[in-house]
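J.: Take this structure first; my questions come after.
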Amino acid sequence: MRLLPGARHFEVTELPTYDPAGSGEHLYAWIEKEGLDSEQVVESLSRATGRPARDIGYAGRKDRVAITRQWFSIRLADEAALQRVTAETGGRISVLEISRDREKLRLGQLRGNRFRLGVDPGGDPRAPDSLRAGLERLTQFGVENRFGPQRFGSFGANVAIARAWGSGDTSRAAALCVDPSGTWTLGEPLPTGYVPGPAGRVLGALRRAPDDPAGALRAAGPRFAKLIASAAQSTVFNAVLDARRAAGLLYTLRAGDVARRRSGGVFRCLPDDLAGSNARAAPGTLEILATGPLPGFEMHAPSPAIADEELGWSAAAEIDWGLFAAGGPLASPGDRRALVVPFLERPEVEAAGETVWLRFALPAGSYATEVLTQLGVRVAAQDRTG
């Protein structure tokens, strides 16, 4: 079985934390896009409204090779300007609904995402039943909450950029922004032509000041720095998840572990509460979830012994946790992420001709492609960014 190619087989609808109030200085646009990532939509909205990118917000990055629907907020924008929104070549933007609110949308302000995915059953008439059984298993045990490869960018360059930028090698970091394959280096003739997104801003800055790679990285904007930091944090998390699975600790909490309630609250496990916490963390219940680190200067820390253990588990990721310290270029407050997550809605399987359609909803930040992988569905390498 494999995920069918093309945007029409990968639909994503954002589940907002709240609906816009209907009034306020921030114009809200419910947008359907195709063939674009969320940052390219920001650039299109900025051109159409005349507002700087920093005045435009969204709650979650969405896949490029997909049909996705989500809210964008634009501070002090005129509704009529949305009629001028145009997509870059090969993309599509449609404004489906308009509202207003007093607050800017910020990353993370969403409940989750609903997915509709088209799967090729490979000629196996048993595929729908197999997928139903797999989804039932994931409903019982939860979805392992790994970050998918799209988190790390083309050629995994986002992590390499983080390592170079965090160590002070801004020349290497800027070069990887321009050419993720790593074949181009600073000092060689600059690539020609238009390049969209943060890479284009880095390239434009290098054209103006080729001897200032640090300035070129700053030109990419704060959202890009957060994206790069997040890729490095994600590498650490995946390494810890793999280690806990190998140790049989996906559903077992220990004194000093940091756990997350399904409702969102984070707490450190105490010896006297372990029996009750582990009962609530068991498959079939999943009211409490073991967590892994997204390192940062405000991350809720486990006990010193478990902190040392996590640091050792993540050594293979080759990420210095000091990269995320306050004041640095990749400074991040950090967080704790659940190792497994339950579906937000009951998953469904529908066979329609040569296609089997899967429908399910995941919490914010969880990857539909990881569900497919855990179901045994092959996912071809594609440029997905959310």
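J.: Using R₀ = 35 Å, calculate the FRET efficiency as 1/(1 + (r/R₀)^6) where r is the Cβ-Cβ separation of residue 137 and residue 300; round to 0.05. Intermediate results must be reported in sequence, preceding the final value.
T.: Numbers: r = 30 Å, r/R0 = 0.86.
After rounding to 0.05, the efficiency reads 0.70.
J.: Could you work out what % of the accessible surface of the chain is carbon and sulfur, using a 1.4 angstrom probe and leaving DNA, RNA and ligands out of the count?
T.: For the chain, the apolar C and S fraction of the accessible surface comes to 51 percent.
J.: Moving on to the next point. Restricting attention to region 1-106, which trypsin sites (Lys or Arg not before Pro) occupy a DSSP loop and are surrounded by at most 11 other Cβ atoms within 10 Å?
T.: For trypsin sites (Lys or Arg not before Pro) across region 1-106 that sit outside H, G, I, E and B with at most 11 neighbouring Cβ atoms in 10 Å, the list reads 102, 106.
J.: OK, next. Around residue 212, with a cut-off of 14 angstrom between Cβ atoms, what is the net charge of the other residues, counting Lys and Arg +1 and Asp and Glu -1?
T.: Net charge around residue 212: +3.
J.: Taking 0.36 nm per residue of separation and subtracting the Cα-Cα distance, what length does fully extending residue 102 through residue 2 add?
T.: Gain in length upon complete extension: 31.6 nm.
J.: So, one more: So if a site counts as exposed when it's one of the GluC sites (Glu not before Pro), its DSSP state isn't H, G, I, E or B, and it has at most 11 other Cβ atoms within 10 Å, what's the longest stretch of the chain without one? Walk me through the intermediate numbers first.
T.: Numbers: sites that count: 298, 354.
Looking at the chain, 1-297 is the longest stretch - no exposed GluC sites (Glu not before Pro) with at most 11 other Cβ atoms within 10 Å.
J.: Further, regarding this structure: What number comes out for accessible area per residue over the chain if the probe is 1.4 Å? Units Å², please.
T.: Here the per-residue accessible area is 44 Å².
J.: Something else now. Tell me, what is the percent relative contact order of the chain, built from C-alpha pairs under 8 Å that lie six or more residues apart?
T.: Relative contact order for the chain comes out at 22 percent.
J.: So which DSSP H runs in the chain come out at 30 Å plus along the axis (Cα) with average Kyte-Doolittle of at least -1.0?
T.: On the way: long enough: 222-246 (36 Å, 0.28).
Passing helices, by number: 222-246.
J.: Around residue 231, what is the net charge, scoring Lys/Arg as +1 and Asp/Glu as -1 over all other residues with Cβ under 12 Å from its Cβ?
T.: My count for the surroundings of residue 231 gives +4.
J.: Using helices alone, I'd like the mean residue ellipticity at 222 nm for the chain: each DSSP H run of four-plus residues gives -39500 (n - 2.57), total over residue count, nearest 500.
T.: -9000 deg cm²/dmol
J.: Here's a follow-up. Assign unit charges at the C-beta atoms only (+1 for Lys and Arg, -1 for Asp and Glu), then state the dipole size of region 196-284 relative to its Cα centre in Debye, rounded to the nearest 20. Please list the in-between numbers first.
T.: On the way: 14 positive and 6 negative charges, 66 e Å.
Computed about the Cα centre, the dipole is about 320 debye.
J.: Where does the charge balance sit around residue 79 when Lys and Arg score +1, Asp and Glu -1, over other residues with C-beta under 12 Å from its C-beta? Show your work: numbers first, answer last.
T.: Values: positive: 84, 100; negative: 78, 97.
Overall, the nearby charge balance is 0.
J.: Hey, what did region 1-147 get for relative contact order, percent, Cα under 8 Å, at least 6 apart?
T.: Result for region 1-147 is 38 percent.
J.: What chymotrypsin sites (Phe, Trp or Tyr not before Pro) does region 155-194 have in DSSP loop regions with at most 14 other beta carbons within 10 Å?
T.: Loop-located and lightly packed - 194.
The values are calculated or read from the model by the stated rules, or taken from the named source; none is laboratory data. Nothing here was measured: the structure is a model prediction, and the numbers come from that model. FYI the Cβ positions are ideal-geometry reconstructions off the backbone, even for glycines, and counts take in every protein chain you see. Only protein heavy atoms, including side chains, enter the accessible area calculation; ligands, DNA and RNA are left aside. Shrake-Rupley method; radii C 1.70, N 1.55, O 1.52, S 1.80 Å.
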